[in-house]
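Quick notes on the structure that follows.
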């Protein structure tokens, strides 16, 4: 298959491209920089110089391919709602280009806050009235493309996608610990975060592309829920800092915007994804992966 991949140079998207190429697929990649284009072109990837702000060009690219994997998003939190609207328009355009073709389009959201306090499953659909995520309409719209003859599906990523090159929540926690002089968790630290290695997550996208069912959500979740206290303990040990508890009242001052997420109990299952796609995670777990010099490059183990 020839696959149009957005976010092809991102932390997850680059792993998706590598996995697709290794499986014998061809890739057309959305890129913005010349450096990124050169890196991908060296791998035999075709290049489209454009951005999510150009939905017409994305639609044209999608129409030339056998399927689309969408992993791109602008994570500028100061413009989060606006960026979500831009993303939705981009996916709408690509979906329209595939309407009636039965070709696959895989979008990206997350399992975070899907079912706080209990194990979320692929069948759970977040309530827009309570979820509040600006990206939720994109998930609903993508799944709805199935009614228009698109084999559309969603890959929900774990809040912690880990591995070399990680620049997500865990590096933020490490930075906060360095700045504050302590590694903290919230409350008793027993609230749980799902996790997955980036290479395992990439395979979920490929399997959904190759054999996924229209209108379905898939969970890239290798570990249902890692207690956040364990994450804080590894960070504290590696940095030589005390590990302390912060009350929920203290958490906002300590963690900033991350307090909302780091204090959430959001376990999630991938049982149906494993059964339907034959997916089995192979990478290391979060705690094992985190306990490496790559996450602490200036610290001597």
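The values are calculated or read from the model by the stated rules, or taken from the named source; none is laboratory data. What you see is a predicted model; the values in this text were computed from it and never measured. Ideal geometry is used to build each Cβ from the backbone, glycine not excepted, and the neighbour counts take in all protein chains shown.
Here the helices (runs of 4 or more DSSP H) wholly within segment 1-120 that include at least 3 residues being under 30 Å from residue 225 (Cβ atoms) are 13-22, 80-98.
Residue-by-condition table, conditions (1) under 30 Å from residue 150 (Cβ atoms); (2) part of a strand (DSSP E or B); (3) modelled with pLDDT under 95; (4) outside the structural domain of residue 19 (by TED's automatic domain parsing):
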residue	(1), (2), (3), (4)
184	no, yes, no, yes
200	yes, no, no, no
214	yes, no, no, no
217	yes, yes, no, no
229	no, no, no, yes
237	no, no, no, yes
241	no, no, no, yes
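Considering only residues of segment 260-289 that are out of contact with any strand residue (DSSP E or B) (no Cβ under 7 Å at 6 or more places or on another chain) and within 25 Å of residue 185 (Cα to Cα), which is modelled with the highest pLDDT?
Ranking the candidates gives 288 first.
Considering 146, 177, the condition of being touching a helix residue (DSSP H, G or I) at 6+ places or on another chain (Cβ under 9 Å) and in contact (Cβ under 8 Å) with a residue 40 or more places away in the chain is satisfied by 177 alone. If you go through segment 189-210 and keep only what is touching a strand residue (DSSP E or B) at 6+ places or on another chain (Cβ under 7 Å) and under 17 Å from residue 25 (Cα atoms), you end up with 204, 205, 208, 209.
Somewhere in segment 56-71, is a residue over 14 Å from the mean Cα position of the chain (by Cα), over 20 Å from residue 9 (Cβ atoms) and buried (at least 21 other Cβ atoms within 10 Å of the Cβ)? The answer is no; no qualifying residue exists.
Taken as a whole, the condition of being under 19 Å from residue 121 (Cβ atoms) and surrounded by fewer than 20 Cβ atoms within 10 Å (Cβ to Cβ) does not apply to residue 195. Residues in segment 258-298 that are under 25 Å from residue 164 (Cβ atoms), loosely packed, with under 13 Cβ neighbours inside 10 Å and either without any contact (Cβ under 8 Å) to a residue 24 or more places away in the chain or touching a helix residue (DSSP H, G or I) at 6+ places or on another chain (Cβ under 8 Å) (or both): 6 in all.
Within the set 31, 45, the sole residue that is in contact with a strand residue (DSSP E or B) (Cβ under 7 Å, 6 or more places away or on another chain), surrounded by 15 or more Cβ atoms within 10 Å (Cβ to Cβ) and closer than 24 Å to residue 211 by Cα turns out to be 45.
Here the condition is being more than 13 Å from the chain's Cα centre (by Cα) and outside any loop (DSSP other than H, G, I, E, B); of 153, 133, it holds for 153 alone.
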